Amino acid sequence: MPPDALIDALFVWGTPQQIADRLRAVRRAGVDELMITLYPAREPEKEMAEALGALGSLNSDLRSCRSA
């Protein structure tokens, strides 16, 4: 089983706001390319719509983030 720290480094999960915050932090840390695969947990249609909406609203924000 992989260590929890590795899982935390590779995967992002949570509410749409938590995911957005984490993706912004990843971008600020210098990651310049993301591969995103969505895995809904309980309510697939609702969760996919929320996730796609959150990602769409982050598009320009993630493009403009700069490393500190």
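Laboratory data are not the source of any read-out in this text; all were calculated from the coordinates shown. Just so we're clear, the structure is a prediction, and the values are computed from it rather than from any experiment. Heads up, the Cβs are rebuilt from the backbone with ideal geometry, glycines too, and the neighbour counts pull from every protein chain shown.
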Subject >> J(HN,Hα) series, the stretch 21-32, from Karplus relation 6.51 cos²θ - 1.76 cosθ + 1.60, nearest Hz, glycine and proline x >> reply: 4, 5, 5, 4, 5, 4, 5, 5, 6, x, 5, 10
Subject >> Total charge dipole magnitude, the chain, about the Cα centre, Cβ charges on Lys, Arg, Asp, Glu only, Debye to nearest 20 >> reply: 280 debye
Subject >> Estimated distance in nm for a label pair at E50 and A25, the labels positioned 7 Å out from Cα along Cα-to-Cβ >> reply: 1.9 nm
Subject >> Dipole axis of the chain (+1 Lys, Arg; -1 Asp, Glu on Cβ), positive-most option in M48, Q18, P2 >> reply: Q18
Original post:
Regarding the chain, what are the three Cα extents along the principal axes, ordered largest first, in Å?
Top reply: 37, 34, 17
Subject >> In sequence order, calculated HN-Hα J values of the stretch 53-60 (Karplus, 6.51, -1.76, 1.60; Hz; x Gly/Pro) >> reply: x, 5, 5, x, 6, 8, 3, 6
Original post:
Once both labels are modelled 7 Å past Cα along the beta-carbon direction, what's the T15-S57 spacing in nm?
Top reply: 1.2 nm
